[in-house]
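Data first, discussion second: the structure below is written as structure tokens.
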Amino acid sequence: MQSNVIKAGLWLLLACGSGSLTAQAPQRLPSSKLAQDIKKLNVLGNVLYMAAHPDDENTTFIGYMANEKLYTTNYLALTRGDGGQNLIGPQIREQLGIIRTQELLQARRIDGGRQYFSRANDFGFSKNPQEAFMIWEKEQLLADAVWVIRKVKPDVIVTRFPPDSRAGHGHHSASSILAEEAFDAAADPTRFPEQLKYVAPWQAKRLLWNISMWSITNRAEFVKNAGQYLKIDLGVYNPLLGKSYGELSAESRSMHKSQGFGSVGTRGTSVEYFQHTKGDKTMTDLFEGIDTSWKRVKGSAKIEQLVQRAAREFDPANPAGSVPLLLSIRTELQKLPDGFWKTTKLADVQELIKNALGLYLEVTAPEFAYSPGATLPLTVEAINRSSVSVSLEKIHFPFATTDSAMHTPLAYNQDLTWETNAKIPVTTPISQPYWLRKEIGYAGLFSVDDLQEIGQPENPPVAVVTFDLLVAGQPLRMEVPVAFKKKDPVLGEVYQPLVITPPVFATIAQEVYMFDTAEPRKVDVTVKAGKDNCSGDVQLALPEGWRSIPEKISFALRDKGSEQTVEFQLFPPVDPQEARLRAVVTLEGQEYDKSFGLISYTHIPAQAFFPAASAKAVKLNLVKKGTNIGYIMGAGDLIPQSLRQIGYRVSLLEDQDITPEKLATFDAVITGVRAYNTNERMKHHQTALLKYVENGGNLVVQYNTNMGLITTELGPYPFELTRDRITEETSEVRLIKPESVVLNSPNKITADDFNHWVQERGLYFPQNWDPQYEAIISSNDPNSPPLDGGILVARYGKGTYVYTSLSWFRELPAGVPGAYRLFVNLLSLGD
């Protein structure tokens, strides 16, 4: 391939790029997809699916509506899944929310839907919507739902859950309650009138519940009465896609990898049922009584005829042959008065023109991270892979005050590339995910000041390059985000979003520092340069009673990306205390207190974020027995690191280590969260683990779910697992065996040790346990029955077996003092 390289001068970048583009690999669509997209130009139907979490959506329904019915199909998830567990890595809370946001976006790129979120923070399992709304501030969350409805203007709204206990989760039922209220509120101009500066009231035609079969307690009765529901067969085969919607759905759902939701495609009839909730009732068609043609837009009659002709004459061997008709459709669209469908279909037809031309436009940078004021090198590539006349007339670079006039023909299949530099303004903000700009803690809504950002899945690109083209003599403007592209030796071509970072950032080595004596702890702080030639000093900002030696340390970093680790000795106060320490870097008279995080998995684009350069420090009264701990990992948690904080030697055990001889060397052995769900080898190791207990060992088994167990024989004596939880972290804990060694040695446990727990007390509590087990504590959520199985202890042979469903995997990494004291007591059991 011939390549023309043009060296351009320096363009100053002065204004932040905008748009809804994302830094993904440029689309390369087959002709079959273009044929489908042309037909979609004549479909003006819009549906909104609404639920609570990532993974709640019905991907078969979304795929069918977007690709079979060709409706604009949207999914509003109230949360980003921050409160769940992570099956692919150690990230939890806000970092897990970042992962699941991107997993949903990848799912939508497969099934054709569009993704939206509210500001709700997923604070963990909720038993009922009343509890959820107490934390979520219902009126503000309702405003978010109304805002999204007014923006996307759905004709039909569909919920995944019923608004009652059948939903199985307070967040689930809350999402449907909000949908019902938002259905009416979105049409009422007196509700949330501040939104009307940007959007107009909107009344959807109908609201339905997509009946989830697991919520049906009596299947036979349901089948008997199924005639009262609207039925849709989603199991259709789409020859243009080459797959059924069950197969497409599996590909989409398999993007939820942090949930462990890899799916297998299905084929054949797949009937879904829909129950009327609000608005006009229908028993025949979801869009009954809704005109989804161009008749709903005045002055558009010619558009429908042109689209029909383009669909009829489309040649898959020569998609560029449709460009003249697509340009005519675009011209007619531009004549329409401004409105939702004009904007939507103009964007669609412009993408169609680009894809029909085989037009490839790309702008990349040699690195993914730059700081304000830095020079940004850009490589631009443009190629027209059709016989249609295309000329590159002008390029508008981001932040630029002047544009580049090109007037350069893009000859057939002749790659045009050139390089330039740009200057990032010193006022450019860092690329913090917009919902994480302000700290949130453990509950409530994310704080978002800009109404226009609410609902959006992610930040707009840092920089967008706009290409002004002439296509067959008609002007066409295309926007392309600047991205970082690299060649990975395994994955090949990999794209990553461009990010703006502080000029310097600091990372404290650990998130929590636990002090059980007056001795100081070493605190390492790594200072990293976001640009060349960084020199200054770093110190720990400490609350009263804490001190560091030295108070301040100088650093000098010559090259961008270089690091220097400095060491402080941190001294705790005399009395027990919890504190927050910050690393503050002074550079060129300015203070910086952000660290740098990068989440990198192969199924999503790498994501940068900038948490506070801070850590929790805790002085507590703690006595330990034993030091040598064996740990068998499950779904992934941070407890081994937490135990090392208080002086334990923790060995992560592999298959070859789980033998009676090796286990006998440990004072206690712990199984990680959901080990009996995720580790296939546990059923083979159970004999050795119980023999370890019988010979005098101490085995502590953390919670497992009651579905997908590798073995049901988790302990030396039988018990059953339930789905019961205690979701209120402030729920009273009663010491029902106050004389138990668990509550007395080596630390005296009182009710105060259950203060300041985070997110929940425990989950998947056991029931029907053998009398050999002794229940130590009892607790319950308000208006719920007591759950006594938070800690079960049994003697077996010479040793001790513990099953505990308390949420240690949240409490220990969060530095909860009482949780440490009680967990140490569990590890200290035995002779």
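Would region 684-736 count as rounded, prolate or oblate if I go by the C-alpha gyration tensor, calling it rounded below 1.5 in a/c and otherwise prolate when a/b exceeds b/c, oblate otherwise? Display every interim value, and only then the final one.
Values: a/c = 2.94, a/b = 1.57, b/c = 1.87.
Verdict is oblate for region 684-736.
Using per-residue counts of other Cβ atoms within 10 Å, averaged over each peptide, order 469-480, 811-822, 784-795 from highest down.
Ranked by mean Cβ neighbours within 10 Å, highest first: 811-822, 784-795, 469-480.
What whole number of Å gives the distance from the Cα centroid of region 752-831 to the Cα centroid of region 451-526?
Comparing the Cα centres of region 451-526 and region 752-831, I get a distance of 40 Å.
Place a +1 charge on the Cβ of each Lys and Arg in region 43-142 and a -1 charge on the Cβ of each Asp and Glu, then give the dipole magnitude about the Cα centre in debye, rounded to the nearest 20.
Dipole of region 43-142, to the nearest 20 debye: 180 debye.
Among all helices in the chain defined by DSSP H, which have a length of 20 Å or more along the axis from Cα atoms plus a Kyte-Doolittle mean of at least 0.0?
The qualifying helices are 138-152.
Once Lys and Arg get +1 and Asp and Glu get -1 on their Cβ, which of Val793, Ala220, Tyr631 lies farthest toward the positive end of the dipole of the chain?
Ala220
Any idea which of Thr804, Ala613, Pro503 is furthest toward the positive side of the dipole for the chain, if Lys and Arg beta-carbons carry +1 and Asp and Glu beta-carbons -1?
Pro503
At a 10 Å Cβ-Cβ cut-off, how would you order Ser731, Ser447, fewest neighbours first?
Lowest to highest Cβ neighbour count: Ser447, Ser731.
If R0 is 35 Å, what FRET efficiency do you get for His276 and Ala317 from their C-beta distance, rounded to 0.05?
Values: r = 46 Å, r/R0 = 1.33.
Efficiency for this residue pair is about 0.15.
With only Lys, Arg, Asp and Glu charged, each at its Cβ (+1 for the first two, -1 for the last two), find how big the charge dipole of the chain is about the Cα centre; round to the nearest 20 debye.
1580 debye
By count of other Cβ within 10 Å, fewest leading, how are Arg93, Arg28, Arg810 ordered?
Details: Arg93 22, Arg28 9, Arg810 27.
With the sparsest Cβ surroundings first, the list reads Arg28, Arg93, Arg810.
In Å, what is the Rg of the alpha-carbon atoms in region 504-619, and how long is Dmax?
Just the Cα atoms of region 504-619 yield Rg and Dmax of 15.2, 48 Å.
Note down the relative contact order for the chain as a percent, whole number, built from C-alpha pairs under 8 angstrom at least six residues apart.
Numbers: 1947 pairs, mean separation 92.9, N = 831.
With pairs under 8 Å counted, the relative contact order is 11 percent.
Can you give the helix-only mean residue ellipticity at 222 nm for the chain, where every DSSP H stretch with n ≥ 4 adds -39500 (n - 2.57) and the sum goes over all residues, rounded to the nearest 500 deg cm²/dmol?
-6500 deg cm²/dmol
Lys625: which lysines have alpha carbons under 27 Å from its alpha carbon, excluding same-chain residues fewer than 8 sequence positions away?
Lys522, Lys616, Lys662, Lys691, Lys737, Lys748, Lys798
Find the Cα radius of gyration of region 628-827, compare it with 2.2 N^0.38 Å by division, and give the number to two decimals.
Computed over Cα atoms of region 628-827, the ratio equals 0.94.
Note down the net charge around Phe368, summing +1 for each Lys or Arg and -1 for each Asp or Glu among other residues with Cβ under 11 Å from its Cβ.
+1
With +1 on the Cβ of every Lys and Arg and -1 on the Cβ of every Asp and Glu, and nothing else charged, how large is the dipole of region 74-228 about its Cα centre, in debye rounded to the nearest 20?
The dipole of region 74-228 has a size of about 480 debye.
Express the relative contact order of region 224-301 as a whole percentage, based on alpha carbon pairs under 8 Å and six or more residues apart in sequence.
Reported as a whole number, the value is 34 percent.
Give the long-range amide H neighbours of Gln414: residues separated by 5 or more places, or on another chain, with amide H under 5 Å away, using H modelled in the peptide plane at 1.01 Å from N.
Asn384
Using packing as a proxy for protection, rank 74-80, 586-592, 365-371 so that the peptide with the highest average count of other Cβ atoms within 10 Å comes first.
The peptides rank, most packed first, as 74-80, 365-371, 586-592.
Note down the net charge around Phe340, summing +1 for each Lys or Arg and -1 for each Asp or Glu among other residues with Cβ under 12 Å from its Cβ.
Its environment carries a net charge of +4.
Which cross-chain or sequence-distant (5 or more) residues have an amide H under 5 Å from the amide H of Thr800, H modelled 1.01 Å from N in plane?
Counting only residues 5 or more places away or on other chains, the set is Gly697, Asn698, Leu699.
Please work out the ratio of the alpha-carbon Rg of region 724-825 to 2.2 N^0.38 Å and round it to two decimals.
1.01
Of Asn210, Pro409, Gly561, whose Cα points farthest to the positive end of the dipole of the chain (charges on the beta-carbon: +1 Lys, Arg; -1 Asp, Glu; origin at the Cα centre)?
Pro409
Using the Karplus curve 6.51 cos²θ - 1.76 cosθ + 1.60 with θ = phi - 60°, work out ³J(HN,Hα) for each residue of region 225-237 in order, rounded to whole Hz, and write x for Gly and Pro.
Using θ = phi - 60°, the values come out as 9, 5, x, 8, 10, 6, 10, 10, 8, 8, x, 6, 9 Hz.
Mean separation of Cα pairs under 8 Å and 6+ residues apart, divided by the residue count of region 303-426: what relative contact order is that in percent?
That works out to 21 percent.
Could you put Tyr801, Tyr773 in order, starting from the residue whose Cβ has the fewest other Cβ atoms within 10 Å?
Ascending Cβ contact count within 10 Å gives the list Tyr773, Tyr801.
Given 0.36 nm per residue, what is the gain on full extension from Asp770 to Ser263 after removing their alpha carbon distance, in nm?
Separation in residues times 0.36 nm, less the Cα-Cα distance, equals 178.8 nm.
Equivalent-ellipsoid semi-axes (√(5λ), Cα gyration tensor) for the chain, whole Å, largest first?
Values: eigenvalues 507, 257, 112 Å².
So the equivalent ellipsoid measures 50, 36, 24 Å along its semi-axes.
Going by average Cβ density within 10 Å per residue, which order do the peptides 557-564, 357-364 take, highest to lowest? Numbers along the way, then the final one.
Numbers: 557-564: 14.0, 357-364: 20.2.
Top to bottom by mean Cβ count within 10 Å: 357-364, 557-564.
Please give the length that would be gained between Gln334 and Val741 if that part of the chain were fully extended, namely 0.36 nm times their separation in residues minus their C-alpha to C-alpha distance (nm, one decimal).
So the chain would gain 138.7 nm between Gln334 and Val741.
Bear in mind these aren't lab numbers, they're just calculated from the coordinates by the rules spelled out. This one's a predicted model, so the numbers in the text were calculated from it and none came from an experiment. Here the Cβ is made from the backbone with ideal geometry for all residues, glycine too, and neighbour counts use every protein chain on show.
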